[in-house]
Amino acid sequence: MDKYIIEGGRPLYGEVEIQSAKNAVLPLLAASVLTEERVVIRRCPRIADVLNMVQILGELGCKTGFEGDALIIDGADAANHEIPSALARELRSSVFLLGSVVARFGRARIAYPGGCDIGLRPVDLHLQGLRRLGVGVREEGGCIDCSCSGVRGAEIVLDCPSVGATENILLAAVTARGTTVIRNAAREPEIVDLQNFLNCMGGKIAGAGTSVIAVEGVRRLHGAEYTPLPDRIEAGTFLIAAAMCGGEIALRNAKSENLASLIHKLREISCKIHAKDDKIYIECGARRLSPKLVETSPYPGFPTDLQAPMTALACICEGSTVIVENLFETRFKHVPELIRMGADITVRGRSAFVRGVPRLHGADVCASDLRGGAALTLAAISAEGCSTVVDLGFVDRGYSDFEGKLRAAGARIRRVRV
Ligand code: EPZ
């Protein structure tokens, strides 16, 4: 297991290149199963979740390989419909292979998916959607077994705008017989990216980004080459890093329109932010005014994936902030670790009441999930004194070369094997 050794308290200056979005690449990989032809995902980040998903594709019989930063997938020989349990438990996104595997093979079997322990994370909406599309779904012994003689289009209304359920239904419906309409669909930019990719493959989908998506089933999909959209959560993490440390950084390959809710909050805190083409510039002084209230909600609301980094920032704002986590039941595991660094936070249910302190101090802290690990790292590079952050396997799931990018911006951070 690795750990970070960090000497905090330095401002950040420089440029950071943002990776392609983890939460866009993962559904694109699931979509690659839908064609026997070659798929190329350019600028593919080599983060743990992507590498695990690539391994699953290999188990299904796909040939995969990197050529530089492009991932090549050849699904011609894919024939296995069973997603290996050990890998399925590694990551949540394995679940939306159900849609593409059952559409391709008429069968799909998976153990209940894993992923960050941030809440119950049911898959009932995924399974309801697949059943509406004519897929037989059996749940027994911790596994989900799907079978279908042919997916047929349907009208589907989601109880909540689930990102994964929307993606799973799109993957099953794109080659169905007939038309599918998804109502109360998730509106995240990653859904738009999946629509664009599937349409590049010959799909006929419209409406992604709104709460109503229409899919006209097509007989087959062909191969495609595609560059996924930038990772708005990685970009947001670095914007918050600058707000916590002070200084001035520029993000390359970043779309400010996908970060409007965060940028609005950072301006309330008194950061200066502007965007030009695919760059975002942020300049932050020593004063940080409390944003008072941060409530997570489905896109375009404040992203739950930036709640932990925002909580870390709120710890050193002037005044109090209430953070409300509306999407996941247990997404405050970073709070006890922030308190070890001198933060003043009280958690009651889904709310964290943060009273700002002038600075955090260094401490030895432990990550419990991906975004919590990023939040603790930001807290450590902004704190007075030395810190260690252990269990970097979580951070490695979603951030490529996190420490290298922070070091290039002036943070004193190094990674050592424990
Ligand atoms: C995706 O997870 C992301 N993961 C998560 O990012 C992100 O936090 C989440 O969307 C919300 O934006 C990937 O894209 C791989 P949901 P997902 O289904 O699809 C409830 C990260 O850090 N729900 O939109 O699992 C669920 O309990 C990760 O990058 C049901 O009730 O999220 C939750 O309260 C963490 N039944 C809410 O919907 C279902 O069948 C949102 O879940 C499905 C979900």
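Every number here is computed from the coordinates shown, using simple stated rules; none is lab data. Model, not experiment: these values are computed from the prediction. Glycine also receives a Cβ, built like all others from the backbone with ideal geometry; neighbour counts cover every protein chain displayed.
Given the options 27, 309, 161, state which has the largest fluctuation in a GNM of the chain using a 10 Å cut-off (strictly under) for Cα springs.
In the Gaussian network model the winner is 161.
Nothing charged except the Cβ atoms of Lys and Arg (+1) and of Asp and Glu (-1): what's the magnitude of the dipole of the range 1-84 about its Cα centre? Round to the nearest 20 debye.
Values: 8 positive and 13 negative charges, 55 e Å.
I would put it at about 260 debye.
Using only Cα atoms, find the angle between the long axis of helix 189-200 and the longest principal axis of the chain, and express it within 0 to 90 degrees, rounded to the nearest 10.
With rounding to tens, the tilt is 30 degrees.
Please name which of 68, 290, 169 has its Cα lying farthest along the dipole of the chain towards the positive end, using unit charges on Cβ (Lys, Arg +1; Asp, Glu -1) and the Cα centre as origin.
Most positive-ward Cα: 290.
Going down the list 276/333; 63/279; 292/333; 204/279; 22/276; 265/405, which pairs span over 28 Å between their C-alpha atoms? It would help to have the intermediate numbers written out before the result.
On the way: 276/333 36 Å; 63/279 35 Å; 292/333 21 Å; 204/279 31 Å; 22/276 23 Å; 265/405 24 Å.
Distance filter (> 28 Å) returns 276/333; 63/279; 204/279.
Calculate the spin-label point distance for residue 260 paired with residue 177, positioning each point 7 Å from the Cα along the beta-carbon direction, and give it in nanometres.
About 4.2 nm, to one decimal.
Would you mind classifying the range 296-339 by shape? Square roots of the alpha carbon gyration tensor eigenvalues, ordered a ≥ b ≥ c; an a/c under 1.5 is rounded, otherwise it is prolate if a/b is larger than b/c and oblate if not. Don't jump to the answer; show the numbers that get you there.
Working: a/c = 2.26, a/b = 1.37, b/c = 1.64.
Oblate is the answer for the range 296-339, as a/c is 1.5 or above yet b/c matches or exceeds a/b.
For the range 358-418 and the range 214-291, what is the separation of their C-alpha centers, rounded to whole Å?
If we compute the Cα centre of each part, the gap is 20 Å.
Please give the FRET efficiency for residue 412 paired with residue 160, using the beta carbon to beta carbon distance and R0 = 51 Å, rounded to the nearest 0.05. Provide the component values of the computation, followed by the final result.
Values: r = 43 Å, r/R0 = 0.84.
So, using R0 = 51 Å, E works out to roughly 0.75.
Based on the Cα coordinates of the range 195-240, what is the per residue volume of their convex hull in Å³?
On the way: hull volume 3.5 nm³, N = 46.
Here the figure is 76 Å³ per residue.
How high is the FRET efficiency between residue 2 and residue 69 when r is their beta carbon distance and R₀ equals 25 Å, given to the nearest 0.05?
For residue 2 and residue 69, the calculated efficiency is 0.60.
Using amide H atoms built 1.01 Å from N in the peptide plane, name the residues 5+ places from residue 144, or on other chains, whose amide H lies under 5 Å from its own.
Amide H to amide H, under 5 Å and 5 or more residues apart or across chains, residue 144 pairs with 110, 111, 112.
Using only alpha carbon pairs under 8 Å that are at least six residues apart, calculate the relative contact order of the range 310-364 and give it in whole percent.
On the way: 85 pairs, mean separation 25.6, N = 55.
Dividing the mean separation by the residue count of the range 310-364 yields 46 percent.
Magnitude of the Cβ-charge dipole of the range 292-418, K/R +1 and D/E -1, about the Cα centre, nearest 20 debye? Don't jump to the answer; show the numbers that get you there.
Numbers: 16 positive and 14 negative charges, 40 e Å.
Magnitude of the dipole: close to 200 debye.
Suppose every K and R has +1 on its Cβ and every D and E has -1 on its Cβ; what is the size of the dipole of the chain about the Cα centre, in Debye to the nearest 20? Kindly include the intermediate steps, with their values, before the conclusion.
Working: 50 positive and 49 negative charges, 93 e Å.
Using only the charged Cβ atoms, the result is roughly 440 debye.
To the nearest 10 degrees, how steeply does helix 260-269 sit against the main Cα axis of the chain, on a 0 to 90 scale?
10
How much length, in nm to one decimal, is gained on full extension between residue 219 and residue 139, taken as 0.36 nm per residue of separation minus their Cα-Cα distance? Could you put the intermediate results ahead of the total?
Numbers: separation 80, 0.36 × 80 = 28.80 nm, distance 2.90 nm.
Taking residue 219 through residue 139 to full extension adds about 25.9 nm, to one decimal.
Taking amide H positions as placed in the peptide plane 1.01 Å from N, state which residues far from residue 347 in sequence (5 or more) or on other chains have amide H under 5 Å from it.
353
Which ³J(HN,Hα) values, rounded to whole Hz and listed in residue order, are derived for the range 408-417 from phi using the Karplus coefficients 6.51, -1.76 and 1.60 in 6.51 cos²θ - 1.76 cosθ + 1.60 with θ = phi - 60°, glycine and proline given as x?
Result, rounded to whole Hz: 5, 8, x, 6, 8, 9, 9, 10, 10, 7.
In whole Hz and in residue order, list the ³J(HN,Hα) couplings for the range 34-39 that follow from phi through the Karplus curve 6.51 cos²θ - 1.76 cosθ + 1.60, θ = phi - 60°; x for Gly and Pro.
Per residue, the Karplus-derived 3J(HN,Hα) values read 6, 10, 8, 8, 6, 10 Hz.
Under a crude label model (7 Å from the Cα following the beta-carbon direction), how far is residue 293 from residue 86 in nanometres?
Placing both labels 7 Å along Cα→Cβ, they lie 4.9 nm apart.
Return the percentage of antiparallel bridges among DSSP beta bridges fully within the range 318-418, rounded to the nearest 5 %. Don't skip to the end; give the middle numbers.
On the way: 10 of 14 bridges.
Around 70 percent of the beta bridges assigned by DSSP in the range 318-418 are antiparallel ones.
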